[in-house]
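The structure appears below as structure tokens.
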Amino acid sequence: MQTQVWSGTNWPLIVGLILGSAALAVLGDVLGFKYGKQRISVFGLRPRYTSRLITAVTGAIISIVILTVLSLFSQDVRTALFSMQYIQQQLMDLRVQLQSSQSNAAQAMEELSLARSSLADQQGLLQTTTVSLDLARFDLESLRNDKLVLENEKNELGAEVASMREESEELKRALSSMRSEAIAIHANVLLAQQAILPNSSAAQVSEDLQALAKNARRSVLSGLSERLSQGMRDLTIAFDPDEEAEVAERLTNFPERSYVRALSTENVALGEPVRVRLEMGTSYRIYTAGEPVYRKLIHAQRPDFDAEEALHLFLRELKLKAIRDGVLPNPATNSVGTVEGVTFFDVVESLKDVHAPVIVSALASHDIYTEGPVDIRFVLEE
């Protein structure tokens with residue numbers, strides 16, 4: 001370090017300044033001695049004081065020369081001589097900035113410490129979250145495995161349920177077949193019906209009700225003829241006496257045409273009595289004899305025409321119209337009448353022979369009332 005200092009010194013300048021100062025000092029001494037010896041007076045001073053003045057001026061000149069030379073050759077000297085206050089002000093500003101920087105640095109260190117603490121907390125939270133995530137992944141994988149197991153069990157149960165449903169359907173069909181074989185008469189079946197004329201006497205009403213009972217028995221025996229043995233021909237048709245008496249009383253001398261229907265009250269097995277309930281009401285004339293009950297244009301000329309299907313559709317539409325017009329359907333079958341098979345297929349053959357649009361009309365065979373049935377005859381018009 002000292003070697004670098006000595007090697008960086010401007011020795012020629014220093015030696016020059018020493019020699020120059022010595023020369024000026026000698027020159028000032030010589031001039032002072034000379035002026036003092038000659039007793040020269042400057043500014044009215046005594047020679048002795050004049051000599052001292054010359055010596056002082058010489059010293060001042062030496063200082064001026066040294067400072068001038070140093071200023072010419074050294075930036076630091078010039079700065080020290082002419083910019084000291086500015087440098088001091090800069091130093092003070094730098095100290096203030098240093099203090100501010102130190103304060104900022106301390107604040108930054110504090111913030112850094114807080115950030116490190118927060119980072120540590122975040123790292124701890126991250127670690128906790130990572131552990132939770134790992135647990136969640138494990139749980140998810142476990143749930144997926146459970147889902148696969150449950151799906152397999154579901155498929156197995158589905159197969160078992162399907163098998164059980166098939167067995168249930170088979171049992172239902174077997175049970176239905178057994179019930180159908182065991183049940184002789186189903187509930188709410190129309191067994192018979194009887195018209196009561198206006199203002200009928202009690203005797204006439206009683207006779208009509210007896211006829212209703214005979215027709216009901218005949219209807220039951222006719223429907224079960226193939227299933228009844230010879231010993232079961234004495235099948236009992238049971239009317240409620242109180243209900244029968246009430247109906248007879250209401251129909252006696254009733255001013256309008258009426259009807260009475262006999263309907264089965266419940267499912268009846270073979271060998272059991274058939275319990276009957278009565279239903280009555282006012283009978284209005286819905287259609288007069290020969291009146292069209294229903295008419296429809298049928299396109300029998302089409303290549304894909306099916307006469308049998310077209311006639312079935314015609315009869316279904318006729319039934320709906322008759323019910324809308326006020327005819328009471330059979331509660332069990334929802335039908336309003338029947339068409340004999342021979343008549344049906346005769347009309348089908350007639351439709352097959354017509355290769356053009358044809359109007360099919362169903363005309364009332366007789367006056368048709370509320371209780372029905374709707375007996376019709378067919379008329380085809382090209």
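We did not get these values from a lab; they are worked out from the coordinates using the rules stated. Everything numeric here is computed off the predicted structure, so don't read it as measured data. Quick reminder, even Gly has a Cβ in these numbers, built from the backbone with ideal geometry, and neighbours come from all protein chains shown.
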Per the rule of 0.36 nm per residue minus the C-alpha distance, extending Gln88 to Leu221 adds in nm 33.9 nm
As an exercise, identify the chymotrypsin sites (Phe, Trp or Tyr not before Pro) in the stretch 241-310 lying in DSSP coil whose Cβ has no more than 16 other Cβ atoms within 10 Å. Tyr284, Phe305
Amide proton proximity set for Val293, modelled H, under 5 Å, gap of 5+: Ala362, Leu363, Ala364
What is the sum of charges around Tyr259, taking Lys and Arg as +1, Asp and Glu as -1, for the other residues whose C-beta is under 11 Å from the C-beta of Tyr259? -2
For Leu125, Leu67, order by how many other beta-carbon atoms lie within 10 Å, fewest first: Leu125, Leu67
Provide Asp208, Asp325 in ascending order of the number of other Cβ atoms located within 10 Å of each residue's Cβ, fewest first. Asp325, Asp208
Most exposed to least, judged by fewest other Cβ atoms within 10 Å, Thr58, Thr343 sort to Thr343, Thr58
Charge dipole (the stretch 190-283, unit charges on Cβ, about Cα centre) - positive-most of Gln194, Pro241, Ser206: Gln194
Tell me the relative contact order for the stretch 286-381 as a rounded percent, counting alpha carbon contacts under 8 Å between residues six or more apart. 46 percent
Give the shape of the stretch 233-308 as rounded, prolate or oblate, defined through the alpha-carbon gyration tensor: a ≥ b ≥ c are the square roots of its eigenvalues, a/c under 1.5 means rounded, and otherwise the shape is prolate if a/b is larger than b/c and oblate if not. oblate
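Does the stretch 190-283 come out rounded, prolate or oblate by the C-alpha gyration tensor, with a ≥ b ≥ c the root eigenvalues, rounded set by a/c under 1.5 and, if not, prolate when a/b is larger than b/c and oblate if not? All intermediate terms of the calculation are to be shown ahead of the outcome.
Values: a/c = 2.55, a/b = 2.34, b/c = 1.09.
It comes out prolate by the Cα gyration axes.
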